[in-house]
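A quick write-up on the structure given underneath.
The values are calculated or read from the model by the stated rules, or taken from the named source; none is laboratory data. Fair warning: this is a prediction, and the values are worked out from it, not measured in the lab. Please note: Cβ atoms are built from the backbone with ideal geometry, for glycine as well, and neighbour counts cover all protein chains shown. Note: areas computed on protein heavy atoms with side chains; ligands, DNA, RNA excluded. Shrake-Rupley method; radii C 1.70, N 1.55, O 1.52, S 1.80 Å.
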Amino acid sequence: MWNAVFWGGVSGSAVLLGALAAILIPIKKNIIGYIMAFGTGVLIGAAAYELLADSVSDGGIWATAIGFIAGAAVFTALDFLISKKGADKRKRSNNSSSKEAGLAIFIGTVMDAIPESIMIGASLISGGSVSWLLVIAIFISNIPEGLSSTTGLLKSDYSKKKIMLLWFSVLIISALSSMSGYLFLDHAPDYVLAAMAAFAGGGIIAMIASTMMPEAFEDGGPITGIFTAAGLLISLVLDSM
């Protein structure tokens, strides 16, 4: 259980590190875009190789398909709702969000983190060792989220202390979500684990398409394609190890 808490916290800590970088170090937009593109590639690989492939293997195509579509649909519906409040630009460093958008940005970040962290905890169930691919993919993708979101919150006149408290709470939520995935999915039937993995995969792919890819291209330009490809290659290498 404590392993799950630790690794969930590690993945969530990247948002905090990104926030610290945004506050202490001026980082160029194109660098944020390149990091985002790389994280996009790694996350696509993690969803495909770690979540969906294992889901088909363990629970069959129907459980995988239902979970995948449901995850994408739920994320899209929630994303649509919070986007009206200003969270559609939660990964964008050049946004000038209103104060009212601050809570929506935070909710959107939590919405991104929960399914990812649950699957980190669930990955510990079978063999006792964490999925390195998932942890690395989520960690990499969370850094530019912390960078971009913090820049937007600073422009919304949020204090540095309040911003750090928000992101520290994301770390705690990630750790608890990972623990929940470990505790509540332990001894669950294979088809339930498969559906949950596919659900998380669907949510991750929908999140990548709606938030990460547009930000990466906007900040980094066409060269982001090679960074995305590099991220996908890294995820393949990690999955084969």
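Could you work out how far the C-alpha centroid of the stretch 3-51 sits from that of the stretch 164-220, in angstrom?
Centre-to-centre distance over Cα atoms comes out at 13 Å.
Can you order the peptides 206-212, 133-139, 76-82 by their average number of other Cβ atoms within 10 Å per residue, highest first? Before the final figure, lay out each step's value.
Values: 206-212: 21.4, 133-139: 24.3, 76-82: 15.1.
Top to bottom by mean Cβ count within 10 Å: 133-139, 206-212, 76-82.
For LYS161, which aspartates and glutamates qualify as cross-link partners when the Cα separation must be under 19 Å and same-chain residues fewer than eight apart are set aside?
Straight-line reach from LYS161, under 19 Å: GLU100, GLU145.
List every DSSP H helix in the chain whose Cα atoms extend 27 Å or more along the helix's own long axis and whose mean Kyte-Doolittle hydropathy is at least -0.5. Intermediate values should be presented prior to the final figure.
Values: long enough: 2-24 (32 Å, 1.55); 53-83 (35 Å, 1.23); 101-127 (42 Å, 1.46); 132-155 (35 Å, 1.16); 160-185 (37 Å, 1.28).
What comes out of the filter, once short or polar helices are dropped, is 2-24, 53-83, 101-127, 132-155, 160-185.
Accessible area per residue of the chain at 1.4 Å probe, in Å²?
Details: 10710 Å² over 241 residues.
Using a 1.4 Å probe on heavy atoms only, each residue of the chain averages 44 Å².
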